[in-house]
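Asker: I have a structure here, written as structure tokens, and I will follow up with some questions on it.
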Amino acid sequence: MSADCIFCRIINRELDADVVYSDDQVVAFKDINPAAPVHILIVPRKHIPSLLDMEKEDEMLIGHLHMVANELARAFKIDKRGYRIVINCGPDAGQIVFHLHLHLLGGRPLLQTIAKGKEV
Ligand code: 5GP
Ligand code: ZN
């Protein structure tokens, strides 16, 4: 938990979010500024600032985030047509929230590069 982290505050229910999945390790909620019809953020409860900060002990957790992404892709019916997982790491990738998260994007053709949830 980091007191000034927006995602920690969502996880702790101090801030509202449209939560679509939750378990003992992960919370997933809709992106406030969606770049696609389905745009869900999959966030570990553990405050890891970025992918670069992951530790050996986080390997299983990062795998679990992807399992949850697949489960949500099925639940939101984007599994057949396809979807994209994005992790922005650091300033050049456009990371703005420094609490590790996967973007799950789908519901339309994603033909271009997506950075920061926006197409470039
Ligand atoms: P990043 O660029 O760090 O990978 O992406 C952060 C994402 O978090 C952005 O797509 C942004 O729209 C989303 N976001 C930022 N603040 C909030 C918030 O308070 N609630 C929700 N649901 N999403 C947020
Ligand atoms: Zn955090």
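Asker: Looking at the range 28-47, which of its residues are touching a helix residue (DSSP H, G or I) at 6+ places or on another chain (Cβ under 7 Å) and crowded, with 19+ Cβ neighbours inside 10 Å?
Answerer: 28, 29, 40, 42, 43, 44
Asker: Residues of the range 76-104 being farther than 20 Å from residue 46 by Cα and within 15 Å of ligand 1 (Cβ to nearest atom), which ones?
Answerer: Of everything in the range 76-104, those that are farther than 20 Å from residue 46 by Cα and within 15 Å of ligand 1 (Cβ to nearest atom) turn out to be 84, 91, 92, 93, 94.
Asker: What about residue 30, is it out of contact with any Ser or Thr (no Cβ under 6 Å at 6 or more places or on another chain) and away from ligand 2 (no atom under 15 Å from the Cβ)?
Answerer: yes
Asker: Residues of the range 83-120 being modelled with pLDDT of 95 or more, β-branched (Val, Ile, Thr) and in a strand (DSSP E or B), which ones?
Answerer: Within the range 83-120, 85, 86 qualify.
Asker: Here is a further query. Among the numbered criteria (1) within 16 Å of ligand 2 (Cβ to nearest atom); (2) under 20 Å from residue 18 (Cα atoms); (3) surrounded by 12 or more Cβ atoms within 10 Å (Cβ to Cβ), which one does residue 107 miss?
Answerer: So the condition that residue 107 fails would be (1).
Asker: Please find, within the range 1-58, the residue that is farthest from ligand 1 (Cβ to nearest atom) out of those that are of a type in the set (Phe, Trp, Tyr) and closer than 17 Å to residue 71 by Cα.
Answerer: 21
Asker: Considering the range 4-27 alone, what residues qualify as being surrounded by fewer than 17 Cβ atoms within 10 Å (Cβ to Cβ) and more than 9 Å from ligand 2 (Cβ to nearest atom)?
Answerer: Correct list: 12, 13, 14, 15, 16, 18, 19, 21, 22, 23, 24, 25.
The values are calculated or read from the model by the stated rules, or taken from the named source; none is laboratory data. Being a predicted model, the structure only gives us computed values, none of them experimental. Methodologically, a virtual Cβ is constructed for each residue, glycine included, from the backbone with ideal geometry; neighbour enumeration extends over all protein chains shown.
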